[in-house]
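Below: the structure, in structure tokens.
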Amino acid sequence: MQKIVALCKRRGFIYPGSEIYGGLGGTWDYGPLGSLLKKNLKDLWWKEMVQFRDDIVGMDAAIMMNPRAWEASGHVEAFTDPLVECKICHQRFRADKEQEIKEHETSHKGEKVEWTEPMNFNLLVKAYLGVLEGKQSEIYLRGEITNGVHVNFKNVLDSTRVRIPFGIAQIGKAFRNEITPGNFTFRSREFEQMEVQFYIKPDESEGKKWFDYWKQNRMDWYLSLGIKKENLRFRDHAETERAHYARAATDIEYNAPFGWSEFMGIHHRGDWDLSRHQKYSGQDLSYRDPETNEEYIPWDIETSAGVDRSALFLLIDAYSEENGRVVLKLHPKLAPYKVAVFPLLANKPELVEKAGKIYEDLKQDYQVSWDARGNIGKRYAAQDEAGTPYCVTVDFDSLKDNTVTIRDRDSAKQERIKSSEIRNFLKGKLS
Ligand code: ATP
């Protein structure tokens, strides 16, 4: 982990939040490369979930919501009891539930479980809205992005042509007063989530079918991003572990340097959210099947992933050291820069000019890095650490025959191609 944290700082992936003021625990700032990595990840997710599908639409709800929404979802109530937290897995228990605490201790088989002091947790981050002191209203920054989708269930139904089964996708920031933020960005106080709430008919076999579908769909997606198969696994939640309304829950876990850890969750939430919002808002949130006229509150299968956790696990999985060089073997689709362009020598204007033209041209379609400093070996090493999959070098032969060398990050092999072929080459590799 130390190596990953150092690489992230050195290359501009992730910095500690507000570092020059001594930091702010549990917050992280994404630098030039980190913000590109996150953007690529979110774009790929959105494409897969919204653009490529006919049964999912997107939305982008406000971070600040009417506080009643958090009462309805159970967050206000659930997070104000005195709780103790297991320092190993961060699960929290009501301090007065001695039996549950004892049972939990045995679940860590032989490991000594330490607990935090009982505290009145409020996981929701409070904020104050309004300009007049004393007349401000207390609100919460959203603790998860889910609620903004459920409260718009009716709006989406009325303004689009979706029919059950269908999903609503959303990406956005969430805030939690985590008492033990840690393991770099793994547990932060401000983080981003990408979620789909998939609404289905309230029927046991439909529920099972879609729950299993989303489990496999999400696992396949992470594999398609190049994460090593042996580093991913499902962990089904035991009945005792699940929220009382959850009909089934599974985590996809990653084999992190700090142990197998939750990557994302797939949750069968039944009709809990819509029923509660119907009750608390007094609005009818039922669905009428246009063909059978059947009316019901749909069930919801949720897939919820952290953007930051995904980015972290992708970085960890891609990190490799080969003959003393660090190579970040990110999938080309995720790599911050798709290609770097170099003139072999910075003091030869004809090389700089030709390379500059290629750089300007590729920039129209790709995020391209330019480097003319130092020797070529150092430039390759810097791009390897940044995860750039291809490096194009313009040398003296290029001036004669319009060819360039293109170097592959993972094999370190170079081939010569016509400069007019660079675009086709990249297209083939990146699609
Ligand atoms: P954990 O058990 O690790 O606290 P959780 O079960 O509370 O997570 P959910 O509420 O299901 O998490 O949130 C869905 C996803 O959001 C998680 O799988 C994770 O990827 C991400 N996430 C949740 N809390 C954090 C956090 N504090 N920092 C970064 N990502 C988070």
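The values are calculated or read from the model by the stated rules, or taken from the named source; none is laboratory data. Everything numeric in this text was worked out from a predicted model, so none of it was measured. When we count neighbours, we look across all protein chains shown, and the Cβ atoms used for this are built from the backbone with ideal geometry, even at glycine.
Key figures
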{"item": "Every residue from region 225-256 that is touching a Leu at 6+ places or on another chain (Cβ under 9 Å) and without any contact (Cβ under 8 Å) to a residue 12 or more places away in the chain", "result": "LYS229"}
{"item": "Residues of region 1-31 classified as within 22 Å of THR388 (Cα to Cα) and part of a loop (DSSP other than H, G, I, E, B), total", "result": "4"}
{"item": "Tally, over region 146-181, of residues that are touching a residue at least 40 places away in the same chain (Cβ under 8 Å) and either of a type in the set (S, T, N, Q) or over 23 Å from TRP272 (Cβ atoms) (or both)", "result": "11"}
{"item": "Residue in region 122-129 that is in a helix (DSSP H, G or I) and surrounded by 15 or more Cβ atoms within 10 Å (Cβ to Cβ) present", "result": "no"}
{"item": "Conditions (1) at pLDDT 95 or above; (2) under 29 Å from LYS102 (Cα atoms): number failed by THR240", "result": "(1)"}
{"item": "Hits in region 385-427 - residues which are of a type in the set (Gly, Ala, Ser), within 16 Å of GLU360 (Cβ to Cβ) and surrounded by fewer than 19 Cβ atoms within 10 Å (Cβ to Cβ)", "result": "SER420"}
{"item": "Sole exception among (1) on the phi > 0 side of the Ramachandran plot; (2) touching a residue at least 24 places away in the same chain (Cβ under 8 Å); (3) loosely packed, with under 15 Cβ neighbours inside 10 Å for GLY22, by number", "result": "(2)"}
{"item": "Subset of region 303-346 that is among the β-branched types (Val, Ile, Thr) and within 21 Å of LYS9 (Cβ to Cβ) - its residue that is nearest to the ligand (Cβ to nearest atom)", "result": "VAL307"}
{"item": "Flag for TRP260 being within 16 Å of the ligand (Cβ to nearest atom) and farther than 21 Å from ASP212 by Cα", "result": "yes"}
{"item": "Any hit, region 232-249, residues being farther than 28 Å from TRP28 by Cβ, in the same structural domain as THR303 (by TED's automatic domain parsing), away from the ligand (no atom under 12 Å from the Cβ) and among the β-branched types (Val, Ile, Thr)", "result": "yes"}
{"item": "Region 159-180 - residue that is modelled with pLDDT under 95 and either assigned to a helix (DSSP H, G or I) or within 16 Å of the ligand (Cβ to nearest atom) (or both) and, of those, surrounded by the fewest Cβ atoms within 10 Å (Cβ to Cβ)", "result": "THR180"}
{"item": "Output for region 181-199, where each listed residue is assigned to a strand (DSSP E or B), surrounded by fewer than 20 Cβ atoms within 10 Å (Cβ to Cβ) and more than 9 Å from the ligand (Cβ to nearest atom)", "result": "GLY182"}
{"item": "Qualifying helices (runs of 4 or more DSSP H) (wholly inside region 308-425; at least 3 residues being within 30 Å of LEU232 (Cβ to Cβ))", "result": "376-386"}
{"item": "Matching residues, region 80-104, being over 24 Å from the mean Cα position of the chain (by Cα) and either modelled with pLDDT of 95 or more or surrounded by 15 or more Cβ atoms within 10 Å (Cβ to Cβ) (or both)", "result": "ASP81, LEU83, VAL84, GLU85, CYS86, PHE93, ALA95, ILE101, HIS104"}
